[in-house]
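Here's the structure, in structure tokens; my notes come after.
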Amino acid sequence: MANLGFIGLGVMGSEMVNRLLAKGHSVTGYNRTRSKAEGLVKKGMKWGNSPRAVAAAADVTFCMVTNSAALGAVANGPDGFLAGLAAGKLFVDMSTVSPAFSREIAAKVREKGADMVDSPVSGSVITLQEGKLSVMVGGRRETFERAKPLLQDIGPKVTYVGEDGLALVMKIATNLSLAVQMLAFCEGVLLAEKSGIARETAVDVLTHSVIASPMVQYRGPFVLKMPEEAWFNVNMMQKDMLLALELGRQLDVPMPTTAVTNEFLTAARGMGLVEKDFAVVFEVLAKMSGARA
């Protein structure tokens, strides 16, 4: 049993804590909105009053927050997790943030005598619940080896990809493809529908065809009925697309499909759909094509 901390108890973070508790680990957690953590407290999670308190209480602290600004907010200041770190401790950041900013945080963690890996994941809450989550890790190899058994308690596929920040690059490279695939899937559904094929039939055929990636299989049916709570909303996906476009400019990698798909996310924002799952790009395209949204 390990003595763990977890900062950021959103949909994914909460499910990760559930898995860690089920494995017998002790977990101290913090979330900006405490009410979201009450269910976990009832299951045995200890409550930390601040990120600092969590890092001070734990040997290994995990973090999963929305973006670079949120990571900075929980890292810095008198109540930030940096203030709670000490020599020998480990910080595992599972947030999807700018690789450059992650490297800045890693340097500050090491000033405390602790160490850090960036460890974003590929998959949804369903993937996580089914025990099929894929985890990427960047940082020092020896630190990866220390973190690996704990990460395997969250997801079975844990891959070391290289030095600080490179796991985040890999995550961004993965996520841009999710949005691009989803837009292409929507195009196919609407082309079939406007030709006279029932939308339900088109979705069924496509989600059982050669184009049916795991993402298409679980998110494709969203064009028939959107989930009440977004698995990954427009705001979150566009954050990752913008990170991808920024990296593309830095590395001279043309990203035409990423750029086009990002504009559909911007259109979704303009239509007031920012809190919907990013599969709502179907609604944007449907309205543009004169089809039923």
(1) open to solvent by less than 50 Å² (accessible area, probe 1.4 Å); (2) modelled with pLDDT under 95; (3) closer than 14 Å to Val280 by Cβ all hold for Trp231 apart from (1)
What number of residues in the stretch 261-286 are open to solvent by less than 20 Å² (accessible area, probe 1.4 Å) and either farther than 15 Å from Met237 by Cα or part of a helix (DSSP H, G or I) (or both)?
11
Considering only the stretch 250-260, I want to know if a residue exists there that is open to solvent by less than 30 Å² (accessible area, probe 1.4 Å), closer than 29 Å to Met64 by Cβ and out of contact with any Pro (no Cβ under 9 Å at 6 or more places or on another chain).
yes
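For (1) farther than 24 Å from Asn233 by Cα; (2) buried (at least 22 other Cβ atoms within 10 Å of the Cβ); (3) small (Gly, Ala, Ser), each residue gets a yes or a no:
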residue	(1), (2), (3)
Ile105	yes, yes, no
Pro120	no, yes, no
Val125	no, no, no
Ser134	no, no, yes
Val158	yes, no, no
Val161	yes, no, no
Met170	no, no, no
Identity of the residue in the stretch 194-209, part of a loop (DSSP other than H, G, I, E, B) and farther than 23 Å from Glu130 by Cα, that ends up least open to solvent (accessible area, probe 1.4 Å):
Ala198
Only unsatisfied item for Lys46, checking (1) among the charged types (D, E, K, R); (2) surrounded by fewer than 15 Cβ atoms within 10 Å (Cβ to Cβ); (3) at pLDDT 95 or above, is (2)
Evaluate the stretch 219-242: report whether one residue or more is assigned to a loop (DSSP other than H, G, I, E, B), over 28 Å from Gly10 (Cα atoms) and more than 20 Å from the chain's Cα centre (by Cα).
no
Just one of the numbered conditions (1) open to solvent by less than 60 Å² (accessible area, probe 1.4 Å); (2) touching an Asp or Glu at 6+ places or on another chain (Cβ under 7 Å); (3) at pLDDT below 95 is not true of Met236; which one?
(2)
Can you spot a residue in the stretch 179-191 that is in contact (Cβ under 8 Å) with a residue 40 or more places away in the chain, open to solvent by 20 Å² or more (accessible area, probe 1.4 Å) and touching a helix residue (DSSP H, G or I) at 6+ places or on another chain (Cβ under 9 Å)?
yes
Between a residue in the stretch 264-281 that is within 18 Å of Ser177 (Cβ to Cβ) and any residue that is open to solvent by 20 Å² or more (accessible area, probe 1.4 Å) and among the polar types (S, T, N, Q), which pairs come within a Cβ distance under 7 Å, given they are 6 or more apart or on different chains?
Asp277/Asn233; Phe278/Asn233
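Yes/no matrix, rows are residues, columns are (1) over 23 Å from Ala167 (Cβ atoms); (2) surrounded by fewer than 17 Cβ atoms within 10 Å (Cβ to Cβ):
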| position | (1), (2) |
| --- | --- |
| Val41 | yes, yes |
| Pro51 | no, no |
| Ala57 | yes, no |
| Ala69 | no, yes |
| Gly72 | no, yes |
| Gly77 | yes, yes |
| Lys89 | no, no |
| Phe101 | no, no |
| Gly113 | no, yes |
Counting only helices (runs of 4 or more DSSP H) entirely within the stretch 1-111, those with at least 2 residues that are closer than 22 Å to Pro156 by Cβ are 11-22
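The values are calculated or read from the model by the stated rules, or taken from the named source; none is laboratory data. If you're wondering where the values come from, they're calculated on a predicted model, not measured in any experiment. Don't worry about glycine lacking a Cβ; one is built from the backbone with ideal geometry, like all the others, and counts go over all protein chains shown. Side chains are part of the model used for accessible areas, which takes the heavy atoms of the whole protein and leaves out ligands, DNA and RNA. Shrake-Rupley method; radii C 1.70, N 1.55, O 1.52, S 1.80 Å.
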